[in-house]
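K.L.:
Take a look at this one; I'll ask things after.
Read-outs throughout are calculated quantities, based only on the coordinates presented, and are distinct from any laboratory measurement. Small disclaimer: the values here were computed from a predicted structure and weren't measured. Backbone-built Cβ (ideal geometry, glycine too); neighbour counts: all protein chains shown.
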Amino acid sequence: MISAALLEAALAAQRVDLGGTLSVDPVPSPYSTSYPLHHLTVTRGDGVRLELLVKDLDRGSMLPAAREAKPRFLYDPAREIGVYRCVLDPEVLGTARCHAAAVDDGCRGSWIVLERVPGIPLVEIGDRAQWRLAMRWLARFHADGRNRSAARAVPVLRHDEHFFRTWMQRAREFVPDVRLTWVAERYDAVVDRLLAQTPTFIHGEMYASNVLVDGARVCPIDWEMAAFGPALVDVAALVAGPGWNETDAMAMLAVVGLNVALPVRLVAPRPRL
């Protein structure tokens, strides 16, 4: 956990008006998934309160489930820090403001201090209008060439052929073949179609659990897997919501002008073991 002294120095370096000595009250966040998150209420000397979120990005701090699921080659704390610092414009996109960050220099570790966005995870919202709002946000985000240009300075992932092939190879190592049959038979065709699309800057894990909604504000979080790749990767992640049926999915796709003539199968059929 970042110390109060280090937090004060980091915020001061970013020219955040501290107004005096800080008092820091860290509270573990219930929404920690990959890395430990702490809510920080920073009270300035003049009484102004800053509601912040600190994310510990050290590999050793990664939560056990995430460490097992995400292979080592995906880890790079500079990716998410770079996205927040260089790519995302909170005024335009509504994303969280980055107040301070550090990539491990041997003594301070890797961490990022963000605005704590008031909002509800989209996965907890049943109102389909809010889901369509998030899809419209995603369409605007993908279409904005400024994001693509800025992301070239950040070590984002590349969803190229090697990247896609890696996941099927890893799946064969860990999952019995009988459970992969349905996916494996269709995998090459899907990869070919994805590679045929013009790559853009994508979130990489645009699941509903990674999207906060506060009124008209849509705020995707957790940019650890940001990448250049097919926009359809983000669209598919967002459409794969809980309790969806084909009608829901088609309505979401229509928001971004995707009209799919063939039925959309959201879940592969269960194999007969």
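K.L.:
In nm, give the distance between the simple-model label positions of Glu68 and Met168, each being 7 Å from the Cα along the Cα-to-Cβ direction.
P.N.:
Spacing of the two 7 Å Cα→Cβ label points: 2.7 nm.
K.L.:
Using a ≥ b ≥ c from the Cα gyration tensor of the range 53-98 (square roots of the eigenvalues), is it rounded, prolate or oblate, where a/c under 1.5 gives rounded and otherwise the larger of a/b and b/c decides, a/b for prolate? Don't skip to the answer; put the middle values down first.
P.N.:
Numbers: a/c = 2.72, a/b = 2.20, b/c = 1.24.
In terms of gyration-tensor shape, prolate.
K.L.:
At 0.36 nm per residue, and after removing the present C-alpha to C-alpha distance, how many nm does the segment from Tyr31 to Ala196 gain when stretched out fully?
P.N.:
55.8 nm
K.L.:
Please rank Cys98, Cys86, Cys219, fewest neighbouring Cβ atoms within 10 Å first, as an exposure proxy. Mind showing how you got there, number by number?
P.N.:
Values: Cys98 19, Cys86 13, Cys219 22.
By the 10 Å Cβ count, ascending: Cys86, Cys98, Cys219.
K.L.:
Treat every Asp and Glu Cβ in the range 140-200 as -1 and every Lys and Arg Cβ as +1, leave all other atoms uncharged, and give the resulting dipole magnitude about the Cα centre to the nearest 20 debye.
P.N.:
Dipole magnitude for the range 140-200 comes out near 340 debye.
K.L.:
Could you check the spin-label model distance between Arg136 and Asp89? Points 7 Å from the Cα along Cα→Cβ, value in nm.
P.N.:
2.0 nm
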